[in-house]
1. If you scan segment 167-197, which residues turn out to be surrounded by 16 or more Cβ atoms within 10 Å (Cβ to Cβ), more than 17 Å from Lys129 (Cα to Cα) and in contact (Cβ under 8 Å) with a residue 24 or more places away in the chain?
2. Could you list, in sequence order, all residues of segment 169-186 that are touching a Ser or Thr at 6+ places or on another chain (Cβ under 7 Å) and aliphatic (A, V, I, L, M)?
3. Go through (1) assigned to a loop (DSSP other than H, G, I, E, B); (2) within 23 Å of Ala303 (Cβ to Cβ) for Trp181 and report which single condition fails.
4. Just to confirm my filter: which helices (runs of 4 or more DSSP H) fall fully inside segment 1-113 and include at least 1 residues that are closer than 20 Å to Gly124 by Cα, in contact with a Lys or Arg (Cβ under 9 Å, 6 or more places away or on another chain) and at pLDDT 95 or above?
5. Which one is nearest to Leu281 (Cα to Cα), of the residues in segment 198-254 that are in contact with a Gly (Cβ under 6 Å, 6 or more places away or on another chain) and surrounded by 20 or more Cβ atoms within 10 Å (Cβ to Cβ)?
Amino acid sequence: MKSISQQIYEYGIVPVVKLDDAKHALPLAKALYAGGLRCIEITFRTDAAEEAITILSKEFPDMLVGAGTVLTCEQADRAIKAGAKFMVSPGFNANTAKHCIENNVPIYPGCNNPSAIEAALELGITDLKFFPAEQSGGLDMIKALCAPYTAIRFIPTGGINENNLNQYLSFGKILACGGSWMVKSDLINAERFDEIERLAKQAVNKMLGFELRHIGINCDNEAQATAAANMLCDLFGTAVKPGNSSIFVGTEFEVMKQPFLGKNGHICMAVNNLDRAYANLTGRGYKFNESTFKYDGNKLKVAYLQDEIAGFAIHFINK
């Protein structure tokens, strides 16, 4: 079973939510889920938090629900009883952190300086919140802190939005990003769940960064592939680069010397992080052909969908 940290890494974005009324918990979760976000941090800044976590834990078991702004052991106990799977705190409190560890619930304490980091490491906590992210020096500060503390990873929160999201996520020590731009309180209180769903989809698409890399064309033999490649070269004035099994025409076309996956060929899409794309797409019901998987260490780097679209296999790679 995947750890909580691995799930958070694959989701990539943790919506940080302040709920004034627990009745909004379920429609909010449905909107986020429909938008491709299946993780939520409900802050203990309002009286509705505990009830909201209870509702989601019972009615939306597929969503990873955590409690945020957990400042005391008493709040941690209430969140655990309500069903929270992880805790987040704005700063480092040794008593609260120890209490969560003793109860086998992951906690991500806020650590934006060496002293707090070392206190967390003393307890064996290596995945940390970085808060407030932008005001604490942003990605440059995170990189500086990760240089001497090589074991740590961060969930930056505070000032994160769709414009700087991928700047943070591009750094290997970022577990995920926390943010509230898609779940602002005024949208929730006005019950604008359609807008929250739209913003969630926009955030996910921004994070994944789907980009067409090339179209693969199946041919029956090398002679047919060469003729097709030469015609594409003549049409578009791009260079022909023969390979063992295919011929590339520029970067846009790959002409296969014999039929490969897909009735007609394949479409290659590049993404910012294939692990996150895989988690998102499988969560939306898409199935992958696991026999096509290739890895770089423990990270997925090549994968095909199981089903074709209009006779084309869909092929994903990392940028």
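1. Met182, Val183, Ile188, Phe193, Ile196, Glu197
2. Leu175
3. It is condition (2) that Trp181 fails.
4. Values: elements: 4-11, 25-34, 49-59, 73-82, 94-102.
Qualifying helices (runs of 4 or more DSSP H): 4-11, 73-82.
5. My answer is Val204.
The values are calculated or read from the model by the stated rules, or taken from the named source; none is laboratory data. Please read all numbers here as calculations on a predicted model, not as lab measurements. All Cβ positions, glycine included, derive from the backbone under ideal geometry; neighbour counts span all protein chains shown.
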